[in-house]
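Here is the structure we will look at, set down as C-alpha cells.
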Amino acid sequence: MESLLQLNAYQNIASSTKLQLAILVLVCLLTFFFRLGSYGLIDPGDGYFSEAAREMIEIGNYITPHLNYQIYFSKPILIYWLIASAYSFFGVNEFAARFWSAVLASFLVFGVYFTGSLLKDKKTGLMAALILASSPEIITFAKMSLVDMAFSSFLGIALCATACTIFSDKKQIWPIIYIVLALAVLTKGPAAIVLYVLAMLGYLIFSRPNKAQLFSLFSKLNLPFGMFIFLIIALPWYVFVGLATDWLWPKVFFLFENLGRFAGETNHKHPQPWFYLLVIAYGFFPWILYLPAASIYVYKLIKNKIDGVDKEPVLLFASWALTIFLFFSLSQTKLQTYILPIFPALALLIAYIFTLAIDTVVNKTLRFASIILYVLSFIIGIAILFGLFLFAIPSIIMQILPKKIALLVMPAIISLPVFIKLMLIAGGCVIFWGFFKQYNLLRNNKWQESIMLTIFSISIACAFLAAPVFEIAYQLRQADLHKVILCLKNLHDGPVAIYQEFKPSVMFYLERPVDSFFSPDQLLLSASQENKKENKQYIIAGKKGSEELLLKHGNKLKLINQIGHWYVFESNELIVQKLPTLAQTFSLNMQLSGKDYHWGTLPFAGGIKPMKGQ
C-alpha cells in the first residue's frame, strides 16, 4: 500500500490498461465470488429465485415460472433461465444460485470502467469502476441471487452503451443498448423501458439540444433498427407464457406486479419520500460524501456558470441518477433493491468530478469528506481492538451485551473459522490505515494521491470484509432455521407448513411444497381420525408463533426439534387449512391486501410436487 503514495506508482496505475484490468479482475473475484457458496440462502430475496430455478429443472417447465410448485407471477423468465443454467453446470447449490449475480455485477463494473476510459481517460474509468465495486449496495446484491442485480446490470450497461454511442466515435456499440434493454425487460419487465426513457428525457431537459443536435442524437441511436432488435429478443417469451397460461400470467404481471406495486397495492409499502435517501446513504458510503460537490457542479453546468469540456456525459449521468431516484421515490411500494440501477451513474459522476473539478468546487468537499473519514478511522481502530478482544474471549459477550442479544450473537461469533476472523481484522486494519493516511496526504495538497488511496483502501477492505460479513449475517438470520428443518428432509408422510412466515429457502432445502398459514384458527381437526399415525402434519414456527400455537393447540402438538428461536412440531390430529394458490387468487379476483400480511407473505399455498417420472 505504501507504494501507492509515490507519484510514479500512481501514474503507472493510472496509465497501464493491463494493470488496471488485473486490479479489477482481482477486486471482483475477491469481493463478489470469494466464498460465494459458503453460507446458506438468506430469505426473503435470496430464496425466491434460487428455489424457482430449482423447480424449473425439477418440473421441466422452461416457459412458465413456478415457485412452491405453483405458477409464480413476480418476475419474467430470464433470471430463472440464468440460475438454472448455473445449476446444470455447477449442481444445485448456493454458489450456482448466486453465480450469475456475481458475473453480471462484474460485467457492470467493467462496463463502467470502459465507459469512463473511453469518454474521459483510464484514470477516470478505474476510479468509477472501483467506486462501484466497493459500494455496499452493489456488493450486497452481487452476493445474493436476487433478480435486481441482473436487472440493474443490464440497465447500467444500457447507460454505458448509450453514453459511448452518443459521446464517442464507437459507432458499432449502439446495438448493445437494445440487446441489454431487451434482457432487462425479460428480467424484470417494462420498468426497464420506463426508466431508460425517463432518463433520456431528463438528459434532453438538462442539455437543451437544438434541432440539429437532437437529430444527430436520434441518428446515432438508430432507433428503428434498435426497436427491431429489442422486439425480437424481448417479445416472444411474453407471447409464449401468455398462451401457456391462457393470458393469466401477463395480466397479473403487468397489472398487479407493475402498476399495483407503483400504486402501493402490495405489502412492501414505504410511503416516506426520503426512504431512498437513507438507502443511498449507507449503500453508497463513503462516496455519498462527495455527492454534494457533484450536485453543485452539475447545477453550474446546467446554468452555464462554468464551462465543462465533458459537460454532456456528466449531464447524462446526472439525469439518469435523478430520474431513477425520483421515479422510485414517487412509487408507494419501496424496497432498497429498487434503487440499485442508480449506482453506475453515481459512480461515473463521482469519478468525473474527481478529475474535472479538482481545483474548483470539489476541494472544499474533499476536505470535509476527508475529515469525516479521518474521524471514522479512530472509531474503526477502537472497533478493531474490541473485535480482537471479542474473538480472543468470546464469553465476554455475555457480560457486555443484553442477554437476548448475547445469546443470538455468541453462537455466530464462536462458529466463525479462524481465518474468517483474521479477514475481518485485516479488512478493518486496511480501512483504518487508509482513512487515517488520506487525511495527511490531503493536508499536504496531494489531492490525487489522497483520492486514489481512499478508493484503493476501501476496495481492498471490501475484498476482505464481504465474505465474513455475509457469513455472520447468515448465522444470525437464517442458520438456525435451516438446521431445525433438517429433521424433515427425509420425512414424506405428511404436509409441511410454516406459521406466519414465507421462507422459500425452506422449500429449497426440503425440495417439497410448504404451506403458509397466519392464524392458529387455520389449524383444524383432521377429517380422518381412523389412523392417527398416518395423518401427520409438520409445522415450522418461530418463538412467538410457537407460543401462540401451543396456547391454542398445546395438547395436539408434539415438539420434534428446536434450535435457537425455531421450532418444528408434529401433529396427528390437526391439519393446516390451505390458503388459495396465487393462480386461484388471481383467477377468482380475490382481494389482496398487503396490510394484513407480513413482508413477503401474500396468500400462498404450496402446490403439488410432481411424482418422479412425470
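Quick notes on this structure:
- Number of the exception - T17 against (1) buried (at least 22 other Cβ atoms within 10 Å of the Cβ); (2) outside the structural domain of I138 (by TED's automatic domain parsing); (3) over 19 Å from T337 (Cα atoms): (1)
- Residue ranges of helices (runs of 4 or more DSSP H) in region 110-200 with at least 2 members among the acidic types (D, E), out of contact with any Ser or Thr (no Cβ under 9 Å at 6 or more places or on another chain) and within 28 Å of A463 (Cα to Cα): none
- Residue satisfying condition, being modelled with pLDDT of 95 or more, within 20 Å of the chain's Cα centre (by Cα), of a type in the set (F, W, Y) and not assigned by TED's automatic domain parsing to the domain that holds S450, within set F90, F110, F73: F110
- Any hit, region 523-543, residues being at pLDDT 90 or above, among the β-branched types (V, I, T) and outside any strand (DSSP E or B): no
- Some residue of region 232-252 being of a type in the set (A, V, I, L, M, F, W, C), closer than 18 Å to G111 by Cα and surrounded by fewer than 18 Cβ atoms within 10 Å (Cβ to Cβ): no
- Residue within region 125-132 that is of a type outside the set (F, W, Y), at pLDDT 95 or above and under 16 Å from D46 (Cβ atoms) present: no
- Taking the criterion of being among the small types (G, A, S), surrounded by fewer than 18 Cβ atoms within 10 Å (Cβ to Cβ) and either within 24 Å of E55 (Cβ to Cβ) or at pLDDT 90 or above (or both), no residue of region 496-522 qualifies.
- Every pair of residues 6+ apart whose Cβ atoms lie under 6 Å, when the first sits in region 20-43 and is assigned by TED's automatic domain parsing to the domain that holds L104 while the second is surrounded by 21 or more Cβ atoms within 10 Å (Cβ to Cβ): none
- Residues satisfying the criterion are present in region 560-577 (criterion: within 30 Å of W247 (Cα to Cα), part of a loop (DSSP other than H, G, I, E, B) and modelled with pLDDT of 75 or more).
- Selection status of F343, at pLDDT 85 or above, in a helix (DSSP H, G or I), on the phi < 0 side of the Ramachandran plot and aromatic (F, W, Y): yes
- Members of region 129-157 that are closer than 17 Å to L26 by Cβ and not charged (D, E, K, R): A129, L130, I131, L132, A133, S134, I138, I139, A142
- F225 of a type in the set (F, W, Y), part of a helix (DSSP H, G or I), out of contact with any strand residue (DSSP E or B) (no Cβ under 6 Å at 6 or more places or on another chain) and surrounded by 23 or more Cβ atoms within 10 Å (Cβ to Cβ): no
- Filter result for L289 (out of contact with any Cys (no Cβ under 7 Å at 6 or more places or on another chain) and either at pLDDT 80 or above or not in a helix (DSSP H, G or I) (or both)): yes
- Which numbered condition F218 fails, given (1) of a type in the set (F, W, Y); (2) touching a residue at least 60 places away in the same chain (Cβ under 8 Å); (3) closer than 25 Å to S117 by Cα: (2)
- Yes/no for E55 being among the acidic types (D, E) and either more than 20 Å from the chain's Cα centre (by Cα) or more than 30 Å from M423 (Cβ to Cβ) (or both): yes
The values are calculated or read from the model by the stated rules, or taken from the named source; none is laboratory data. From a predicted model like this one, the values you see are computed outputs, not experimental measurements. Methodologically, a virtual Cβ is constructed for each residue, glycine included, from the backbone with ideal geometry; neighbour enumeration extends over all protein chains shown.
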